[in-house]
Amino acid sequence: MTRADTEASGGSVRFLNMNAFVLTGGGSLGAVHVGMLRALYERGIAPDLIIGTSVGGINGAYIASRPQTVETAEALGDIWRGIERHHVFPFGFTGGFLGFIGRRSHFLSNRALRRLIRSYAEFNDLADAPIPLHVIATDAATGQEVAISSGNTIEAVLATSALPGIFPPVSWEGRLLVDGGVSNYAPISHALDLGAENIYVLTSGTACDLPEPPGGALPLLLHSMSILITGRLVVEIDHLQEKANFIVLPPPCPVDVPPHDFSRAATLIDRSYETTSTFLDALSGDGPAPMPEHLIRAAPHNLTALSS
């Protein structure tokens, strides 16, 4: 099914079998989304709404205005294969030093990321996206989760991907917003609130089964955050699994690519496509889809219900 069926009810229209794509954060591991999207599109599975956090918001902004086809996934893959680290993390001594001594709130400029988003965003306002797009950010002062469904597309996507301390917070309606992954890495609750019945969770996963933690401050920060927030996703689905049909697509594992390394996007895309294709073809339709085993291991306690 590529779009939700509708039925009239009391003069209004409600959607049946609504599909939501929830795209998680994960830095350079966002390339994993591309392989998942291709596998979904090949099987005629497309979203009626898209919800993204961090890099999931970036990928979501790309697909929200384009046909839900294999060709769109391949075009997004071409972008990912061409990204280098300086396109996202433009390291410079001056900016890093000022951030280190507390003269400004961030280490890196978001100018390069802004250029990247502007190069493919096809709608100026989120509310004009052909497929409804919602991105999640975090209030830097209160930690409150902020769902953005309308307003300037570039600023909204910058807000959802403003990794705290690394990129500058984004001013939005009197608030300073930072990366949505801080408050909600995988906003499945929003998909439920918007009426989705089939929630496809496109996880980017973590750099799993590493022999040792990644070296360097930024790689270790990103890796640690991804482990923490992946655990939250598993717990949240455990609590909500009876309210919708959750299909958590398995990211490839083992993966030794840290979330700041963009040089191996092609490999991540290919492995994700193969893993997702195998997973989708194995779904029987009887009972809930199984939770990927290595995501369960990221949870803070044993969730036997999800592993059955």
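Residue by residue through the stretch 121-137, note down the ones that are closer than 14 Å to Gly52 by Cβ and either in contact with a strand residue (DSSP E or B) (Cβ under 7 Å, 6 or more places away or on another chain) or part of a helix (DSSP H, G or I) (or both).
Our first condition is that a residue be closer than 14 Å to Gly52 by Cβ; within the stretch 121-137, this holds for 121, 126, 129, 131-137.
Listed by number, the residues that qualify are Leu126, Ile131, Pro132, Leu133, His134, Val135, Ile136, Ala137.
Considering only residues of the stretch 30-64 that are outside any helix (DSSP H, G or I) and among the small types (Gly, Ala, Ser), which is nearest to Asp78 (Cα to Cα)? Spell out how you get there, then give the answer.
Looking only at the stretch 30-64, we keep the residues that are outside any helix (DSSP H, G or I), and these are 43-54, 64.
The next check asks that each one be among the small types (Gly, Ala, Ser); those that pass are 44, 46, 52, 54, 64.
Details: Gly44: 22, Ala46: 20, Gly52: 20, Ser54: 20, Ala64: 17 Å.
Looking at the filtered set, the residue picked out is Ala64.
If we keep just the residues of the stretch 171-181 that are of a type in the set (A, V, I, L, M) and surrounded by 23 or more Cβ atoms within 10 Å (Cβ to Cβ), which is nearest to the chain's Cα centre (by Cα)?
Initial filter on the stretch 171-181 (of a type in the set (A, V, I, L, M)): 176-178.
Those left that are additionally surrounded by 23 or more Cβ atoms within 10 Å (Cβ to Cβ): 177-178.
Details: Leu177: 17, Val178: 15 Å.
Checked the stretch 171-181; the qualifying residue nearest to the chain's Cα centre (by Cα) is Val178.
Please pick out the residue among Ser119, Ser161 that is closer than 23 Å to Asp78 by Cβ and either crowded, with 17+ Cβ neighbours inside 10 Å or at pLDDT 95 or above (or both).
Values: Ser119 fails: either crowded, with 17+ Cβ neighbours inside 10 Å or at pLDDT 95 or above (or both).
Just one listed residue meets the conditions, Ser161.
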Considering Arg66, Arg43, which residue is under 20 Å from Ile154 (Cβ atoms), open to solvent by 10 Å² or more (accessible area, probe 1.4 Å) and at pLDDT 75 or above?
-> Arg66
Output the number of residues of the stretch 197-222 satisfying the condition of being in contact with a helix residue (DSSP H, G or I) (Cβ under 9 Å, 6 or more places away or on another chain) and either in a loop (DSSP other than H, G, I, E, B) or modelled with pLDDT under 85 (or both).
-> 11
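The values are calculated or read from the model by the stated rules, or taken from the named source; none is laboratory data. Please read these numbers as outputs of a predicted model, since none were measured by experiment. Because the Cβ atoms are built from the backbone with ideal geometry, glycine has one as well, and the counts that use them run over all protein chains shown. The accessibility values were calculated without ligands, DNA or RNA, using every heavy atom of the protein model including side chains. Shrake-Rupley method; radii C 1.70, N 1.55, O 1.52, S 1.80 Å.
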